[in-house]
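Take a look at the structure below.
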Amino acid sequence: MTIKYGKQIGIGALTFIVAIALVFGIKRYLLSTRSDVINSSVSHQNIDINKPNIATTEAIKKMDSSLTNVITSGYDDLEEFVDVAPSKYPYLVAPTFEDDGSIIYDGMTITELTNLLNKSLNSYMTNTGYFFANYTKRTGVNPYLMVAIVLLETGCKWKCSTLTVECNNIGGLKGSGSCRGGSYSKYNSLDEGITAYLDIIYKNYFLKGLDTPEKMASKYAASSEWSNKVNTYINEIKSKQ
């Protein structure tokens, strides 16, 4: 048997060794090519990769993404949203208020509605559910819709926009009190900014019968997907009951 199959076994072993060598060779070539591309790009941009800094790290990340065809959604907008230390939250301690036990919306008291809304409001907007709940108590507007729009416009489900953090502007409102020298409004406090936003929604939309995302969309946003995104947030907020 050794004599009969020795030649075949020898050829098989040689083929296996050659295949392994080719795999490692190709891998080393690809890694070398990738390194050359990165070094060439870094050199072209006058970046010293031996002295890591934020610019270097981000440049290499971008090049690495392009080489592997990985696209990070919203990458160019990362600097528009910021992490805020809890000590910077305007309402790290939740506002106190009286609850007479009356039902104000969807079978809930103001305390119950406040607690529900707070589950969806994070970062700089932490513990602000009361302002939305109280506005609902006074006007009857849909609190889920109001908070859903805020989450979509500010990103405060995770990180809040710089417009919100620096200027207490939660609705992208334009007008007096310039924020950072631009056309967006700046408010002295977060509750002032929330009230300004709610007043606009109430007077310019709800009182005119525009009380759903679908009815509001043509006036509020240019995106055809805006109402779908708002409805997604509404359903998520309600699901936390």
Compute the orientation-averaged projected area for segment 136-186 from the convex hull of its Cα atoms and round it to one decimal in nm². 4.0
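Once a ≥ b ≥ c are taken as the square roots of the eigenvalues of the Cα gyration tensor of segment 78-117, is the result rounded (a/c under 1.5), prolate (a/b larger than b/c) or oblate (a/b not larger than b/c)?
Oblate, because a/c is 1.5 or more while a/b does not exceed b/c.
Can you figure out the FRET efficiency of Asp83 with Asp106, using R₀ = 25 Å and their beta-carbon distance, to the nearest 0.05? Walk me through the intermediate numbers first.
Values: r = 33 Å, r/R0 = 1.30.
Given R0 = 25 Å and the Cβ-Cβ separation, E is 0.15.
Using 0.36 nm per residue, how much length does the chain from Glu225 to Val93 gain when fully extended, once their Cα-Cα distance is taken away? Walk me through the intermediate numbers first.
Details: separation 132, 0.36 × 132 = 47.52 nm, distance 3.57 nm.
Using 0.36 nm per residue and subtracting the Cα-Cα distance, I get 44.0 nm.
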Env charge @ Trp226, Cβ radius under 14 Å, K,R +1 / D,E -1, value 0
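Give me the extension gain from Lys238 to Lys203: residue separation times 0.36 nm, minus the current Cα-Cα distance, reported in nm with one decimal.
Details: separation 35, 0.36 × 35 = 12.60 nm, distance 2.44 nm.
My answer for the length gained is 10.2 nm.
When the convex hull of the Cα atoms of segment 105-241 is projected onto a plane and the area is averaged over all directions, what value comes out in nm²? It would help to have the intermediate numbers written out before the result.
Working: hull surface 31.0 nm².
Result: a mean projected hull area of 7.8 nm².
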With the charge dipole of segment 78-235 built from beta-carbon charges (+1 for Lys and Arg, -1 for Asp and Glu) about the Cα centre, the Cα from Thr109, Thr232, Leu173 projecting farthest to the positive end belongs to Leu173
When the dipole is taken about the Cα centre of segment 81-131, and only Lys, Arg (+1) and Asp, Glu (-1) are charged at their Cβ, what size is it in debye, to the nearest 20? 280
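Net charge within 15 Å of Gly101 by Cβ-Cβ distance, Lys/Arg positive one each and Asp/Glu negative one each, not counting Gly101 itself?
On the way: positive: Lys137; negative: Glu98, Asp99, Asp100, Glu112.
Local net charge: -3.
Counting only heavy atoms of protein chains, what accessible area per residue, in Å², does segment 118-166 have with a probe of 1.4 Å?
In whole numbers, segment 118-166 has 30 Å² accessible per residue.
For Ser183 and Arg138 in the same chain, what is the full-extension length gain: residue separation times 0.36 nm, less their Cα-Cα distance, in nm?
Values: separation 45, 0.36 × 45 = 16.20 nm, distance 3.05 nm.
Answer, rounded to one decimal: 13.1 nm.
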From the alpha carbon gyration tensor of segment 161-241, can you work out the equivalent ellipsoid semi-axes (sqrt of 5 times each eigenvalue) and give them in Å, largest to smallest? 24, 15, 13
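Loop-only check: which GluC sites (Glu not before Pro) in segment 155-241 are DSSP coil with at most 12 other Cβ within 10 angstrom?
Numbers: sites: Glu166, Glu192, Glu214, Glu225, Glu236; in loops: Glu225.
Sparse-neighbourhood loop GluC sites (Glu not before Pro): Glu225.
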Can you order the peptides 126-137, 89-100 by their average number of other Cβ atoms within 10 Å per residue, highest first? 126-137, 89-100
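The values are calculated or read from the model by the stated rules, or taken from the named source; none is laboratory data. All values reported here derive from a predicted model rather than from experimental measurement. Methodologically, a virtual Cβ is constructed for each residue, glycine included, from the backbone with ideal geometry; neighbour enumeration extends over all protein chains shown. Note: areas computed on protein heavy atoms with side chains; ligands, DNA, RNA excluded. Shrake-Rupley method; radii C 1.70, N 1.55, O 1.52, S 1.80 Å.
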